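The values are calculated or read from the model by the stated rules, or taken from the named source; none is laboratory data. Values in this document were obtained by computation on a predicted structure and should not be read as measured data. Cβ atoms come from the backbone with ideal geometry, glycine included; neighbour counts cover every protein chain shown.
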Amino acid sequence: MDWAGLMRLGLRGLRLSPREFWALTPAELLLIAGLDAATPAMGRARLAELATLYPDERTTR
């Protein structure tokens with residue numbers, strides 16, 4: 001999680017006090033910043049696609 005970016009967003013961009021900032025969850029912060037809809041939730045099909053592209057493999061050393 002990009003804490004420095006979230007802090008800049010909350011403290012500078014949204015002008016929250018430190019107390020207000022730290023009382024929020026990351027989800028709440030993104031919601032009040034209007035960024036909640038920027039990344040849709042990953043569905044089962046996308047997860048399957050990623051699992052095919054990047055399979056878990058054991059490496060032996």
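Hey, could you check segment 9-20 for residues that are of a type outside the set (A, V, I, L, M) and either farther than 17 Å from residue 36 by Cα or modelled with pLDDT of 95 or more (or both) and say which is surrounded by the fewest Cβ atoms within 10 Å (Cβ to Cβ)?
By that ranking, first place goes to 19.
If I ask for residues that are surrounded by 13 or more Cβ atoms within 10 Å (Cβ to Cβ) and β-branched (Val, Ile, Thr), which ones from segment 21-40 would you list? Steps first, answer last, please.
Start the filter on segment 21-40 by keeping residues that are surrounded by 13 or more Cβ atoms within 10 Å (Cβ to Cβ), which leaves 21, 24, 29-33.
Result: 32, single match.
Any idea how many residues of segment 19-61 are of a type outside the set (Gly, Ala, Ser) and either assigned to a loop (DSSP other than H, G, I, E, B) or in contact with a Leu (Cβ under 7 Å, 6 or more places away or on another chain) (or both)?
19
From the list 51, 4, 41, exactly one residue is on the phi < 0 side of the Ramachandran plot and over 17 Å from the mean Cα position of the chain (by Cα). Which is it?
51
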